[in-house]
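**Student:** Below is one structure. I have some questions about it.
Just so it is clear, none of the values below were taken in a lab; they were calculated from the coordinates. The structure displayed is predicted, hence computed values, not measured ones. Positions of Cβ are generated from backbone atoms using ideal geometry, with glycine treated the same way; all protein chains shown enter the neighbour counts.
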Amino acid sequence: MLKAREILRLKHEVGLSLREIGQACNCGKTTVSEILKRAEKANITWPIQLSDKQLMSMLYPPTNNRKIVPEPDMEYVFYEMKKKNVTLMLLWEEYKEKHPDGIMYTQFCERYRNFKKLNKISLHKHHKAGEEMEVDWAGDTLSYVDINTGKSKPAYIFVSVLPASHYPFVHAYGDTKIESWIDAHVRAYEYYGGVPKITIPDNTYRIIQRLRLSNQTVLIL
């Protein structure tokens, strides 16, 4: 789902605060506030009967008076990123506070990637042991032959890894339903002998879509 559409849904349908919406959509309060203001200015109400393209066109209408947009200092951004708990989102919000008409977050990230590429820079992210676990459904769907029926069945591979040690856990399931997703996490925690402070999913789009279809409210923290 388009992030702007989700921000509007969480505000008008669920009634979350700016901070809660930012956490759910993985963006800052500045971004949430700006999208809500743009929607109000464009007279966009919920529920939205617009395509993603139409919604974005109304939120960000073209302008004939092009302004000179101040460029962020990517050298400063690079060195700030070395500090603990500093993210591109935080640095972009800092930039937007100084330059409200500045570039958007996606462009900010693109500038940063290009800066590192041009200068052949790569950052090594330090992972603290036991603090994080990354999870995902891995790669292409495999298949196996059921010895009882002789029929081929799909096998979906759940993979988790502890980034600090690259210690993996792998388990196969017959589907990617929410029950399998939860069971896989429980098995991984049992395998590692504990629960990390943070569990990081790579992409929960399919699970979120299924929960929405069943009329359940989803809030990712």
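**Student:** Over region 1-62, consider all pairs of different Cα atoms and compute the Kirkwood hydrodynamic radius from their mean reciprocal separation; express it in Å, one decimal.
**Tutor:** When all Cα pairs of region 1-62 are included, the Kirkwood radius is 11.5 Å.
**Student:** Which ordering of Leu18, Leu90 is given by a fewest-first count of other beta-carbon atoms within 10 Å?
**Tutor:** By the 10 Å Cβ count, ascending, the order reads Leu90, Leu18.
**Student:** What's the long-distance tail for region 132-213, i.e. % of Cα pairs beyond 23 Å?
**Tutor:** Result: 27 percent of Cα pairs exceed 23 Å.
**Student:** Could you work out how far apart the two model spin labels at Lys82 and Asp175 are, taking each label as a point 7 Å from the Cα in the direction of the beta carbon, and quote it in nm?
**Tutor:** Placing both labels 7 Å beyond Cα along the Cβ direction yields 5.1 nm.
**Student:** Let me ask something else. Sticking with the crude label model, points 7 Å out along Cα→Cβ, report the distance from Gln49 to Asp183 in nm, one decimal please.
**Tutor:** 4.3
**Student:** What's the whole-number percent of alpha carbon pairs in region 75-207 lying beyond 22 angstrom?
**Tutor:** Across region 75-207, Cα pairs with separations above 22 Å total 57 percent.
**Student:** Any aspartates and glutamates with Cα under 18 Å of the Lys96 Cα? List them, leaving off those in the same chain fewer than 8 positions away.
**Tutor:** Answer for Lys96, where 18 Å is the Cα cut-off: Glu34, Glu71, Asp73, Glu75, Glu80, Glu110, listed by chain and number.
**Student:** In addition: Would you order Phe78, Phe108 from fewest to most other beta-carbon atoms within 10 Å of each residue's own beta-carbon?
**Tutor:** Ordered by Cβ neighbours within 10 Å, fewest first: Phe78, Phe108.
**Student:** Viscosity 1.002 mPa s, temperature 20 °C: Stokes-Einstein D of region 70-124 from its Kirkwood Cα radius, in µm² per second?
**Tutor:** 188
**Student:** Moving on. Arranged by the count of other C-beta atoms within 10 angstrom, fewest first, what order do Thr31, Thr199, Thr87 take?
**Tutor:** So the ranking, lowest neighbour count to highest, is Thr87, Thr199, Thr31.
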